[in-house]
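As structure tokens, the structure follows; a few thoughts come after it.
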Amino acid sequence: MKELINSIRIFLIYRFYNIGVILERISNKGFALDIFSSSFQNNPYKTYSRMRSINPIYHSKPTFLRWVTKMELVQEMIRDDRFSVDDRKFPIAKLRRNELRRDGREIMLDQFENPSILKLDPPDHSRIRKLVSYGFTNRYIKSLETEINDTINQCLDKTHNLESFDLMNVLAKPLPAIVIAKMMGLPDSDLNQFQTWSENLLKEVGGIGSSVKKRRLARDAYEDLIRYFEKIIIERKDNPGDDFIGKLILAEEEGDKLNVKEMYGTCLLLLIAGHETTTRLVGNGLFALLNHPDQFECLKDDHSKIPNAIEEMLRYEPPVHATVRFANENMTYRNRDYKRGTPFAISIAGANRDPEANQDPDSFNILRENIKHVSFGYGPHMCIGANLARIETRLVFERLLERFPNMKLGDKNPDWQKNFIFRGFENLELKV
Ligand code: HEM
């Protein structure tokens, strides 16, 4: 019954949304942002550019969001503490609370009320982020390199004698989950279960038309992972190991330490923030590269260009397309008035393609100089795992170019997933 009601609710929301898009088109000389349309899904960049030219803070009524698509504004707003990430404070939180209560999701509700750093403003954000950073020192992340390289080789060994394979299933999906599991010192016997949870977890984030079943899988995985991390942290508390969880347990700043809830929230955040993103960077980056055969040849001949190529991949097809901020107070910003709680879609992908930030922004060029992108965010919430993601992706490209020098894309063009927060593929066939 609950599922039927949910399905009806989703159906009605889409109907209202579609009417909103039609009205926007009528009032806007034929233009409307339609995040559910296949043209937006296939090429959202055209839409970002159109919105930027109409208004760099474009009000899209059907999505209830102001879309910010200009680099200068994106960087300014992310740094400005009049914009908040903490959705608990605003009227929109009521919807989330009611939904989680209706769904009987006590653990998720508790996490909503006690969020991880991604959803915290200062001073709580600064306090916890400082302690979490103990697990992300450059030296520690660099020390993982050999293990990451071995994991990539083990994944690719499974393609021995194959003429074609799906890069996402063979490498891009499992790798980041395995790396995070190893980083946390999780037992090998838990690895399969951990990977399944990790994949299910993201089935509802930003997903367009996520089915009720997918949502249930994602929420079950969320709660199972919280229970799992809580148990591991409690077991290890008096005898911390030399891994990320051990570093969290030992982290101390002027007598301040993380409590168990903050620790398991952080562990879950690492999966949410670090798995799907890295998966998509590998897929999106390789797709762009193989669509530019001259650049593929250039990279194959000179691996020292891989780090710059990865920055261009991040700029050109970022795994995270948007993040959200709320007006913290009634305010005037850039000559417009906004009410407290007004939500803004900070368009990372729109900013990366702003011609004032990067010349000729719609062309892919691995030799581009002074690449400007905000694909790892900016300011206080800037990605804490950026170095790890860069190392993983560099090693992936080194091994792929070395082992499959003649690789090509499969015959069928892959489908972009229906998701306006993350951009990527479910499958990417390679002929080797
Ligand atoms: C290509 C891969 C990645 C991309 C594109 C990416 C992107 C981002 C972005 C855009 C943000 C900022 C969100 C905001 O301002 O609202 C962020 C934050 C964060 N990322 Fe990443 N990320 C990646 C990989 C990782 C990895 C591998 C980890 C850890 C294992 C990680 C952990 C985090 C954490 C903990 C935050 C929150 C930081 C804070 O709120 O202070 N990310 N990431």
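The values are calculated or read from the model by the stated rules, or taken from the named source; none is laboratory data. Since the model is a prediction, treat every value here as computed from it, not as a measurement. Methodologically, a virtual Cβ is constructed for each residue, glycine included, from the backbone with ideal geometry; neighbour enumeration extends over all protein chains shown.
Data table
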quantity	calculated
Among (1) touching a Leu at 6+ places or on another chain (Cβ under 7 Å); (2) crowded, with 19+ Cβ neighbours inside 10 Å - the single one residue 395 does not satisfy	(1)
Matching residues, the range 157-189, being surrounded by fewer than 13 Cβ atoms within 10 Å (Cβ to Cβ) and either among the acidic types (Asp, Glu) or modelled with pLDDT under 95 (or both)	157, 160, 161, 163, 187, 188, 189
1 or more residues surrounded by 23 or more Cβ atoms within 10 Å (Cβ to Cβ) and modelled with pLDDT of 95 or more: qualifying helices (runs of 4 or more DSSP H) within the range 223-327	244-250, 260-290, 306-316
Cβ pairs under 7 Å, 6+ apart, first in the range 380-391 and closer than 20 Å to residue 323 by Cα and outside any loop (DSSP other than H, G, I, E, B), second near the ligand (Cβ under 6 Å from one of its atoms) and hydroxyl-bearing (Ser, Thr, Tyr)	389/277; 389/278
Filter result for residue 364 (assigned to a loop (DSSP other than H, G, I, E, B), more than 28 Å from residue 142 (Cβ to Cβ) and either free of Cβ contacts under 8 Å to residues at least 40 places away in the same chain or among the aromatic types (Phe, Trp, Tyr) (or both))	yes
Residue tally, condition under 22 Å from the mean Cα position of the chain (by Cα) and assigned to a loop (DSSP other than H, G, I, E, B), over the range 367-379	8
Flag for residue 107 being out of contact with any Pro (no Cβ under 8 Å at 6 or more places or on another chain), closer than 30 Å to residue 244 by Cβ, of a type in the set (Val, Ile, Thr) and away from the ligand (no atom under 13 Å from the Cβ)	yes
The lone exception for residue 80 - which of (1) more than 25 Å from the chain's Cα centre (by Cα); (2) at pLDDT 95 or above it fails	(1)
Test: residue in the range 264-287 that is away from the ligand (no atom under 16 Å from the Cβ), free of Cβ contacts under 8 Å to residues at least 60 places away in the same chain and on the phi < 0 side of the Ramachandran plot	no
Qualifying position, being small (Gly, Ala, Ser), on the phi > 0 side of the Ramachandran plot and either touching a Phe, Trp or Tyr at 6+ places or on another chain (Cβ under 9 Å) or within 16 Å of the ligand (Cβ to nearest atom) (or both), among 379, 350	379
Only one of 379, 385 that is surrounded by fewer than 16 Cβ atoms within 10 Å (Cβ to Cβ) and not basic (Lys, Arg)	379
Qualifying positions in the range 301-327 - among the hydroxyl-bearing types (Ser, Thr, Tyr), away from the ligand (no atom under 12 Å from the Cβ) and touching a residue at least 24 places away in the same chain (Cβ under 8 Å)	316
Lone unmet requirement of (1) within 17 Å of the chain's Cα centre (by Cα); (2) of a type in the set (Lys, Arg); (3) more than 11 Å from the ligand (Cβ to nearest atom) for residue 390	(3)
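Residues checked against (1) surrounded by 14 or more Cβ atoms within 10 Å (Cβ to Cβ); (2) of a type outside the set (Ser, Thr, Tyr); (3) within 16 Å of the ligand (Cβ to nearest atom):
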site	(1), (2), (3)
330	no, yes, no
341	yes, yes, no
358	yes, yes, no
368	yes, yes, no
372	yes, yes, yes
